[in-house]
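Asker: I am attaching a structure below and will ask some questions about it afterwards.
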Amino acid sequence: FDKFCRHNDLTKREKVIVLHMLQGQTNQVYAYLLYITLGTVKTHLHNIYKKTFATNRSQLIEMIREL
């Protein structure tokens, strides 16, 4: 997982978002647990997808699991 994050130049916050995603949590839960707005979560997700070339959550999870 760390190698994937370094390879895709994910920030610490983006890495935390991905970890929550891997646990199957919703965007609303990320926002609540991280004390950020839902809009901020969506911005982080957009940046994560852009950096990793993933088009959605399941594709990103599959990319991580393939490592």
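Asker: In whole Hz and in residue order, list the ³J(HN,Hα) couplings for segment 54-65 that follow from phi through the Karplus curve 6.51 cos²θ - 1.76 cosθ + 1.60, θ = phi - 60°; x for Gly and Pro.
Answerer: After applying 6.51 cos²θ - 1.76 cosθ + 1.60, I find 7, 9, 7, 4, 5, 5, 4, 4, 5, 4, 5, 5 Hz.
Asker: Which angle from 0 to 90°, rounded to the nearest 10, does the C-alpha axis of helix 38-52 make with the longest principal axis of the chain?
Answerer: 10
Asker: Further, regarding this structure: Where nothing but the Cβ of Lys and Arg (+1) and of Asp and Glu (-1) is charged, how large is the charge dipole of the chain around its Cα centre, in debye to the nearest 20?
Answerer: 120
Asker: Right, something else. Could you report the chain's accessible area per residue, 1.4 Å probe, as an integer in Å²?
Answerer: For the chain, the solvent-accessible area averages 68 Å² per residue.
Asker: How far, in degrees from 0 to 90, does helix 12-22 lean away from the longest principal axis of the Cα atoms of the chain, to the nearest 10?
Answerer: Roughly 90 degrees between the two axes.
Asker: I would also like to ask the following. Tell me the carbon and sulfur percent of the accessible area for the chain, rounded to whole percent, probe radius 1.4 Å.
Answerer: Ligands and nucleic acids excluded, carbon and sulfur give 56 percent.
Asker: Viscosity 1.306 mPa s, temperature 10 °C: Stokes-Einstein D of the chain from its Kirkwood Cα radius, in µm² per second?
Answerer: After rounding, the answer is 134 µm²/s.
The values are calculated or read from the model by the stated rules, or taken from the named source; none is laboratory data. Just so it is clear, the structure is predicted and the values come from calculations on it, not from any experiment. Cβ: placed from backbone, ideal geometry, glycine included. Neighbour counts: every protein chain shown. We work out accessible area using only protein heavy atoms, side chains counted, and drop any ligands, DNA or RNA first. Shrake-Rupley method; radii C 1.70, N 1.55, O 1.52, S 1.80 Å.
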